[in-house]
Amino acid sequence: MNKGYTARTFMLEIIGIALGLLFLIPFYFVLINSVKGFAEILIDAAALPKEFLFSNYAKVWEIISFQDAFLNSLLITVFSIAGIVIISSMAAWKMVRTPGKLSKFLFIFFVSAMVIPFQTVMIPLMKLGGSLGIMNSIPGIVIMYFGFGVSLSLFLFHGFVKTIPAEIEESARVDGCSQFGVFWRIVFPLLKPITVTVIILNTLWIWNDYLLPLLVLQDSELRTIPLATSSFFAQYTKQWDMGLAALVLGISPVIVFFLFLQKHIIKGIAAGSIK
């Protein structure tokens with residue numbers, strides 16, 4: 001029986017490695033072709049380059065003003081994540097600690113919003129944004145990300161807050177801690193695992209989002225990295241060498257960020273699903 005278990009485990013590991021290599025194939029094509037010339041890509045996209053053209057990255061940096069696009073993406077992502085974390089964590093904590101019909105209704109209302117496709121609210125959102133004067137601005141798109149990002153984040157925080165004993169908060173109140181102090185000094189530090197999870201998931205989404213910035217940000221000075229990268233793929237021209245180099249530059253920061261914090265994802269989601 002022990003041998004059978006060992007053999008089964010070995011086979012599962014082989015299958016896991018094979019699937020891992022399979023998922024890495026797209027990264028291989030992107031990396032290899034980002035240092036090729038355009039003609040060489042058309043001849044054989046799977047082959048190793050005859051000459052590594054790292055100058056593609058320097059050209060891309062200048063053509064799309066990558067530093068400006070990077071700064072725009074960074075500002076939008078950082079401020080959006082900060083708002084989503086603060087709003088969803090405080091709302092989830094309040095709903096859990098004040099059980100009742102209103103809290104239950106609000107929780108169901110927010111969770112239900114996750115199943116609404118963005119395309120169904122796209123046109124009304126643009127009209128509303130235009131009437132409020134928040135179109136074509138970084139603060140405007142940050143506010144929109146608040147609305148789209150809170151639902152899932154609140155759902156995750158809600159499950160995690162249930163695992164925190166209420167007695168800890170009661171002890172803090174007995175010692176004279178205010179409601180505001182209880183959350184920021186006692187509760188929020190305990191939410192670290194799920195907070196990291198929320199930050200990672202929303203960072204991957206916002207950093208790589210294309211459609212909402214395309215609709216909201218019209219000025220070229222406000223372009224994010226996905227918008228800047230798309231300039232290499234027009235209707236009649238496809239600059240694969242430049243476009244793939246731009247893609248590598250764009251995804252590198254978020255991949256490093258994900259690898260640095262990814263160990264917290266499973267821990268946070270598992271802890272939040274206990275109840």
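The values are calculated or read from the model by the stated rules, or taken from the named source; none is laboratory data. In this text the structure is predicted, and so the values were computed from the model without any measurement. No Cβ is skipped: glycine too gets one built from the backbone with ideal geometry, and neighbour counts run over all protein chains shown. Areas reflect the complete protein model, heavy atoms only, side chains present, ligands, DNA and RNA absent. Shrake-Rupley method; radii C 1.70, N 1.55, O 1.52, S 1.80 Å.
Does L190 fit the bill of being within 22 Å of V121 (Cα to Cα) and open to solvent by 50 Å² or more (accessible area, probe 1.4 Å)?
no
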Inspect the range 57-78 for any residue being over 30 Å from I143 (Cα atoms) and touching a Leu at 6+ places or on another chain (Cβ under 8 Å) and give the result as yes or no.
-> yes
Here the residues within the range 83-119 that are basic (K, R) and open to solvent by less than 70 Å² (accessible area, probe 1.4 Å) are R97
Is there any pair with a first residue in the range 56-73 that is of a type in the set (K, R) and a second that is open to solvent by less than 70 Å² (accessible area, probe 1.4 Å) and not in a loop (DSSP other than H, G, I, E, B) whose Cβ atoms are under 8 Å apart and which are 6 or more apart or on different chains, and what are they?
-> K59/M242; K59/A245
Residue check for L24: open to solvent by 80 Å² or more (accessible area, probe 1.4 Å), more than 30 Å from the chain's Cα centre (by Cα) and not charged (D, E, K, R) = no
From (1) among the hydrophobic types (A, V, I, L, M, F, W, C); (2) free of Cβ contacts under 8 Å to residues at least 60 places away in the same chain; (3) part of a helix (DSSP H, G or I), pick out the condition that doesn't hold for V85.
-> (2)
Please indicate, with yes or no, whether at least one residue in the range 140-149 is of a type outside the set (S, T, N, Q), at pLDDT 90 or above and more than 30 Å from N72 (Cα to Cα).
-> no
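Yes/no per residue for (1) farther than 30 Å from G133 by Cβ; (2) open to solvent by less than 30 Å² (accessible area, probe 1.4 Å); (3) modelled with pLDDT under 90:
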residue: L211; (1), (2), (3): no, no, no
residue: L214; (1), (2), (3): no, no, no
residue: T224; (1), (2), (3): no, yes, no
residue: S230; (1), (2), (3): no, no, yes
residue: A234; (1), (2), (3): yes, no, yes
residue: W240; (1), (2), (3): yes, no, yes
residue: F258; (1), (2), (3): yes, no, yes
Taking G16 as the residue in question, decide whether it is open to solvent by less than 100 Å² (accessible area, probe 1.4 Å), part of a helix (DSSP H, G or I) and out of contact with any helix residue (DSSP H, G or I) (no Cβ under 8 Å at 6 or more places or on another chain).
-> yes
Residues satisfying the stated conditions in the range 41-77, i.e. aliphatic (A, V, I, L, M) and open to solvent by 80 Å² or more (accessible area, probe 1.4 Å) | L42, I43, L48, I63, L71
Kindly indicate whether any position in the range 153-175 is among the small types (G, A, S), in contact (Cβ under 8 Å) with a residue 12 or more places away in the chain and under 25 Å from P117 (Cβ atoms).
-> yes
For the range 139-156, does any single residue satisfy the condition of being open to solvent by less than 30 Å² (accessible area, probe 1.4 Å) and among the polar types (S, T, N, Q)?
-> yes
Yes/no for M126 being farther than 21 Å from P99 by Cβ, surrounded by fewer than 18 Cβ atoms within 10 Å (Cβ to Cβ) and touching a Leu at 6+ places or on another chain (Cβ under 7 Å) = yes
When the range 159-185 is examined, which residues are found to be in contact with a Cys (Cβ under 7 Å, 6 or more places away or on another chain) and either surrounded by 13 or more Cβ atoms within 10 Å (Cβ to Cβ) or among the hydrophobic types (A, V, I, L, M, F, W, C) (or both)?
-> none
